[in-house]
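Single-structure report; data block below.
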Amino acid sequence: MDFSFPPEVEAFRTEVKAFLADNFDESMLDVTHDGTMHVPELHAALAAEGWLAGPVPKELGGGGRTALESIVLNEEMQLARAPIDAMGVTVITAAILMEHGSDHLKETVVPALLNGEALTSFGYTEPESGSDVAAAATKAVKDGDEWAINGAKMWTTMAHIADYVILLTRTDPDVPKHKGLTFFLVPFDTPGIEIQPVPTMATERSNATFYDDVRLSDDWRVGEVNGGWAVMKTALKYERGVAGGQFMSPPVIDAGIDWATNHERADGTRPIDDLAVRERLIRAQIDVEVCRGFAYHCADLANEGAMFGVEGSMTKLFASETFKRHCREIHDMMGAEGLLTLESPEAHHGGLIEEALRHSPVTAIYGGTSEINRNMVAEGFLGLPRAR
Amino acid sequence: MIGLMRTRYSEDEVAVRDAFFDFFANECPTTTVRAAAEGTGFDPALWSSLAAMGAPGMALPESLGGAGAALTDLAVVADVAGAHLAPVPLIEHAVTARALARAGGHDDLVAELAEGSTLATLALRPPTGDTARLVPAGAVADVLLHHCDGVTSSSRGNAPGIKLPNTADLPLAHRVISDATAIELDTDGWNRTVDEWRALTAVAYVGLAKRAIEIGVAYTKERIQFGVLIGTFQALQHGFADAATSVEGAHLLAQRAVWALETEQPGASRLAGMALLFAAESARFAADRSVQYHGGYGFSEEYDVQLYHRHATAWILQLGDPAAEYARLADAEFGPVMGAA
Ligand SMILES: Cc1cc2nc3c(=O)[nH]c(=O)nc-3n(C[C@H](O)[C@H](O)[C@H](O)COP(=O)(O)OP(=O)(O)OC[C@H]3O[C@@H](n4cnc5c(N)ncnc54)[C@H](O)[C@@H]3O)c2cc1C
């Protein structure tokens with residue numbers, strides 16, 4: 001057992017901290033602007049640093065960054081409240097294209113993604129298929145030299161600011177569902193695409209996207225025809241190093257401690273002197289250390305080239321469920337003052353805690369719901385039979 | 001070792017684990033746990049065999065008759081001892097011996113403790129007057145360490161107390177202390193000793209919890225209701241999945257705490273406190289789920305899972321109310337409560 005990073009990784013952490021101090025400030029986060037956490041200046045700076053290309057293997061033209069370095073970048077960005085969503089989508093899509101894409105995609109799209117000029121989005125989920133992602137029904141049919149795509153995707157987050165979507169389609173409806181899937185990279189300026197906003201209970205928005213006889217040449221296909229599930233596995237593989245969410249809580253807890261320490265209640269006491277508040281905050285700090293353990297464990301496994309599945313499920317499950325609880329408890333502690341949203345000039349900490357509270361439910365839904373992750377742990381870790 | 005970021009057992013640690021796992025599997029089936037419970041809660045024969053394996057002196061300096069292994073190695077043994085609810089005070093004995101070794105000037109005694117021929121323990125809470133109440137292993141240990149008003153003292157030769165019937169049939173007893181002599185261990189040194197107890201007990205809790213889940217899962221793969229294995233019910237699966245996730249998190253935190261103590265990381269004491277609280281809560285939750293998913297049989301004396309439930313409840317309470325432990329951590333993190341008396 002050894003829970004310390006190699007010196008070169010600690011040096012990288014120092015570099016990341018300095019980079020964030022120079023290139024990011026919480027005031028740059030403005031979800032009200034376009035309904036996303038995306039900060040274009042930060043994205044460009046990450047690209048310029050070569051950090052978007054970082055996790056893509058060297059053989060595939062990337063930076064060959066280790067999983068340990070990826071987790072450190074991830075950790076520091078989340079602790080600084082720097083958004084990691086666009087970075088994640090970019091890295092995963094670039095890796096998919098390098099592994100499965102045509103030469104055309106490798107030569108034109110990948111460089112644009114990695115140097116920060118182009119953004120992509122994920123098009124897996126549909127109105128009728130979410131957790132059962134392999135049940136996708138959006139149709140792609142070969143018509144001469146072209147593919148004709150028809151269907152609808154739900155929750156195509158960032159589509160309205162992105163240039164591409166990596167689209168999961170059905171190319172063979174007559175075989176078992178995993179065997180008839182094909183991926184395409186679809187430019188949003190192709191005729192026949194419509195993007196409609198989907199507002200949410202938080203300030204962020206997502207999109208529904210519609211595909212009406214969208215015509216693409218075979219150059220835009222990603223992976224084999226009917227080989228979509230293999231591409232999906234690549235996506236999951238790269239999520240290992242870059243996918244985040246393990247350190248969502250610390251900024252909220254820090255804001256909560258700050259509030260509890262500096263706010264006086266009507267009776268003149270401070271919340272931080274209330275034993276119930278103290279215990280809740282300490283429990284939250286303990287959960288953060290547990291999340292850190294999970295994050296480092298996954299990085300250790302990925303670094304050794306081990307495929308991990310259940311460990312990722314446990315991490316996601318624990319981090320999102322505890323994040324929801326932390327938000328709830330810290331928000332409660334503020335009483336009526338906590339109700340002020342980020343649009344209110346009087347909101348504490350710029351409305352951070354209230355915004356986190358409304359955002360928190362989705363963390364246990366997207367990227368695999370808590371129930372799906374519990375299924376994975378039950379079957380993959382405990383060896384329980386398939387559920388009824 | 002430093003700088004590897006290795007969150008799993010090394011090959012050497014796996015070898016130690018396997019050897020001690022086999023040992024406890026053979027020497028300490030639950031019939032042994034139950035037999036010890038009828039008496040003092042201590043099994044002298046098991047302790048002798050464990051001593052023959054070198055466990056008591058494992059993490060003591062070679063110059064004092066120990067094996068010079070790291071606290072992280074001892075933790076590997078604590079893990080499997082916990083999994084088997086071993087009726088031996090290995091953790092109390094080892095951290096007490098390490099404290100005496102650090103204090104210096106007790107070479108002969110430490111050598112005896114390394115051999116395991118003498119049993120030692122510590123009063124986790126300060127005595128009141130001349131009595132330390134409910135001392136872990138107080139019913140069986142000869143050497144007792146206690147800490148009061150900034151002074152750590154050692155005593156020996158006082159009669160072991162009488163085991164008081166308790167939740168998990170642990171060898172808990174009051175100890176009347178006489179002829180105690182102060183040792184060279186200041187408050188920091190004492191706190192370090194209790195932190196070692198916290199971190200190792202956290203690891204033992206993880207062993208207990210994993211086994212409690214294993215027992216429960218195995219049962220749900222045999223028991224049929226409504227014509228199907230109860231293990232196919234998603235409600236049960238999700239309860240186990242939550243428990244297993246929590247226990248895995250506890251494992252990573254407890255191991256990190258032990259490692260941090262061993263390598264003297266700045267946040268080691270904080271991690272040890274956190275690890276114990278989280279591991280205890282995870283283990284209690286795991287044992288609760290496992291009893292629940294046994295149905296009525298889980299409540300019956302005959303089934304082993306209830307032993308795990310009772311031990312999960314008991315271990316941390318030897319130190320005190322968990323709420324006081326949370327409060328202690330909060331004081332360190334947020335400063336003392338203002339306006340408190
Ligand atoms: C804000 C937001 C952003 C998103 N961004 C994207 C994106 O960019 N790209 C993209 O492709 N998708 C995206 N998603 C979609 C997300 O991944 C899905 O919402 C998620 O996978 C769940 O699918 P569903 O919503 O269809 O729910 P369902 O699958 O219909 O689930 C409904 C409920 O049933 C439970 N359930 C389903 N199956 C099981 C089972 N086998 N066992 C037990 N319980 C089960 C679920 O856990 C859930 O509680 C986003 C979603 C949201 C809300």
Could you check, for the stretch A:372-387, whether at least one of its residues is surrounded by fewer than 19 Cβ atoms within 10 Å (Cβ to Cβ), within 14 Å of chain B (Cβ to nearest Cβ), basic (Lys, Arg) and within 13 Å of the ligand (Cβ to nearest atom)? yes
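Listed here are the residues, each with its yes/no results for (1) under 24 Å from the mean Cα position of the chain (by Cα); (2) within 16 Å of the ligand (Cβ to nearest atom); (3) of a type outside the set (Lys, Arg); (4) not assigned by TED's automatic domain parsing to the domain that holds A:Leu105.
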residue: A:Lys179; (1), (2), (3), (4): no, no, no, yes
residue: A:Phe188; (1), (2), (3), (4): yes, yes, yes, yes
residue: A:Gly192; (1), (2), (3), (4): no, no, yes, yes
residue: A:Thr200; (1), (2), (3), (4): yes, yes, yes, yes
residue: A:Arg205; (1), (2), (3), (4): yes, yes, no, yes
residue: A:Thr209; (1), (2), (3), (4): yes, yes, yes, yes
residue: A:Val214; (1), (2), (3), (4): no, no, yes, yes
Residues within the stretch A:98-129 that are out of contact with any Phe, Trp or Tyr (no Cβ under 8 Å at 6 or more places or on another chain) and within 9 Å of the ligand (Cβ to nearest atom), tallied: 7
Scanning the stretch A:337-350 residue by residue, those in a helix (DSSP H, G or I) and of a type in the set (A, V, I, L, M) turn out to be A:Leu339
The residue from A:Cys291, A:Cys327 that alone is away from every other protein chain (no Cβ under 14 Å) and crowded, with 19+ Cβ neighbours inside 10 Å is A:Cys327
Of all residues being surrounded by fewer than 21 Cβ atoms within 10 Å (Cβ to Cβ) and in contact with a Pro (Cβ under 9 Å, 6 or more places away or on another chain) in the stretch B:136-151, which is nearest to B:Pro171 (Cα to Cα)? Just the residue, please. B:Asp142
Does B:Phe334 meet the test of being within 16 Å of the chain's Cα centre (by Cα), closer than 26 Å to A:Ile257 by Cβ, within 7 Å of another protein chain (Cβ to nearest Cβ) and not small (Gly, Ala, Ser)? no
Return the total of residues in the stretch B:303-340 being more than 21 Å from B:Ala173 (Cβ to Cβ) and not in a helix (DSSP H, G or I). 8
Qualifying position, being within 8 Å of chain B (Cβ to nearest Cβ) and more than 32 Å from the chain's Cα centre (by Cα), among A:Leu275, A:Leu281: A:Leu275
Qualifying residues in the stretch A:56-77 (those that are out of contact with any helix residue (DSSP H, G or I) (no Cβ under 8 Å at 6 or more places or on another chain) and part of a helix (DSSP H, G or I)) - the one modelled with the lowest pLDDT: A:Glu59
Going through the stretch B:102-135 one residue at a time, which ones are assigned to a helix (DSSP H, G or I) and either surrounded by fewer than 23 Cβ atoms within 10 Å (Cβ to Cβ) or not assigned by TED's automatic domain parsing to the domain that holds B:Gly39 (or both)? B:Arg102, B:Ala103, B:Asp107, B:Asp108, B:Leu109, B:Ala111, B:Glu112, B:Glu115
Quick test of your reading of the structure: B:Asn158 fulfils all but one of (1) in contact with a Leu (Cβ under 8 Å, 6 or more places away or on another chain); (2) buried (at least 22 other Cβ atoms within 10 Å of the Cβ). Name the failing condition by number. (2)
Check whether at least one residue in the stretch A:19-30 is among the charged types (D, E, K, R) and touching a residue at least 60 places away in the same chain (Cβ under 8 Å), and report yes or no. yes
Need the failing condition index for A:Lys316 against (1) within 16 Å of the ligand (Cβ to nearest atom); (2) surrounded by fewer than 19 Cβ atoms within 10 Å (Cβ to Cβ); (3) in a helix (DSSP H, G or I), just the number. (2)
Can we say A:Ile353 is within 16 Å of the ligand (Cβ to nearest atom), part of a helix (DSSP H, G or I) and more than 8 Å from every other protein chain (Cβ to nearest Cβ)? no
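The values are calculated or read from the model by the stated rules, or taken from the named source; none is laboratory data. Quick caveat, the model's predicted, so the values are computed rather than measured. Cβ atoms come from the backbone with ideal geometry, glycine included; neighbour counts cover every protein chain shown.
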